[in-house]
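Okay, so here's the structure we're looking at.
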C-alpha cells in the first residue's frame, strides 16, 4: 500500500495535497493526523498541519496521477457562480473495464459542463497518449482559467481527474492545456533553468526558485540533468516545495 505525508494550512489542505500525489479520492484512503495546525503570534511561528495518507487495500489503478498543485477556488470576473458538485454526475461502480476512450469522453463532458456554467464559450479537443489524456481548451479570453503560473488551470485539472476516476476500476491521468500554455510554460522554465545554472557556475552560490508543482519541478531537474557543475534538489513541504540549484565542483 502506498503512503505519503503532506502539510497544509489546514488538515483539509494537507489531505488534498496527499490525494494529489497518490491520485486517489478520500474514500480510497485512510488519514492519520500527525500535527494539528498552530497559529503563531502576529503571524509569526505558524505551524502547518501535517498528515499521513495511506491507500486502502484492493484499490485498482491504471495510470498514476502525478503531483500537481492543490485545487483552489476557480473564479472569473464575468462568469456566474457555478456549483462544481452539481456538474459532477453520479457514476455507479461497474465491474466492466473502464477504457481510456471512456475516460477521455467523461473528462471532456465534465469540463464542458463546468466551463459552460461559468459562462465561457470553448471548444475542447481531446488527445490520447500512452501515459495521459490531454484536453486542449480553445476559446477567447481564457487567461482567467490559467491563473498565476497556471494555478487555476492546475485546480481545474485536479477536479477533472477527481471526477473522471471517481468510482471507476481503472485510473487515468488527464492533463488540461489552454492555447498551448503548458508547452510555452515548459520552454520558459527550461530557459530560466539554464540562465540560473549559468549564474550558479559563476557565483558558486545556491539559487532557490519559487514554489512549483511537481510537474514543473521535474522540468527544471531534467533541463539541468546534463549541465556541468550544477546539481538540483527539491526542498520544502507542499505546497511550498521548490527547486534549489547547487554548485558542484
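The values are calculated or read from the model by the stated rules, or taken from the named source; none is laboratory data. Just so it is clear, the model here is predicted, and its values are computed rather than measured. Don't worry about glycine lacking a Cβ; one is built from the backbone with ideal geometry, like all the others, and counts go over all protein chains shown.
When 132, 140 are checked against the criterion of being surrounded by fewer than 19 Cβ atoms within 10 Å (Cβ to Cβ) and closer than 17 Å to residue 213 by Cβ, a single residue qualifies: 132.
For the range 97-113, which positions are under 14 Å from residue 166 (Cβ atoms) and part of a helix (DSSP H, G or I)?
To start, the set of residues in the range 97-113 that are under 14 Å from residue 166 (Cβ atoms) comprises 98, 102-103, 106-107, 109-110.
Answer for the range 97-113, where residues must be under 14 Å from residue 166 (Cβ atoms) and part of a helix (DSSP H, G or I): 102, 103, 106, 107, 109, 110.
I'd like to know if the range 210-220 contains one or more residues that are over 30 Å from residue 47 (Cα atoms), outside the structural domain of residue 151 (by TED's automatic domain parsing) and touching a strand residue (DSSP E or B) at 6+ places or on another chain (Cβ under 8 Å).
First, pick out the residues of the range 210-220 that are over 30 Å from residue 47 (Cα atoms): none.
Within the range 210-220, not a single residue is over 30 Å from residue 47 (Cα atoms), outside the structural domain of residue 151 (by TED's automatic domain parsing) and touching a strand residue (DSSP E or B) at 6+ places or on another chain (Cβ under 8 Å).
If you take the residues of the range 31-49 that are at pLDDT 65 or above and in a strand (DSSP E or B), which of them is farthest from the chain's Cα centre (by Cα)?
Our first condition is that a residue be at pLDDT 65 or above; within the range 31-49, this holds for 31-39, 46-49.
With the extra rule that they be in a strand (DSSP E or B), the set shrinks to 31-35, 38, 47, 49.
Details: 31: 20, 32: 22, 33: 22, 34: 23, 35: 24, 38: 26, 47: 23, 49: 20 Å.
For the range 31-49, the residue satisfying everything is 38.
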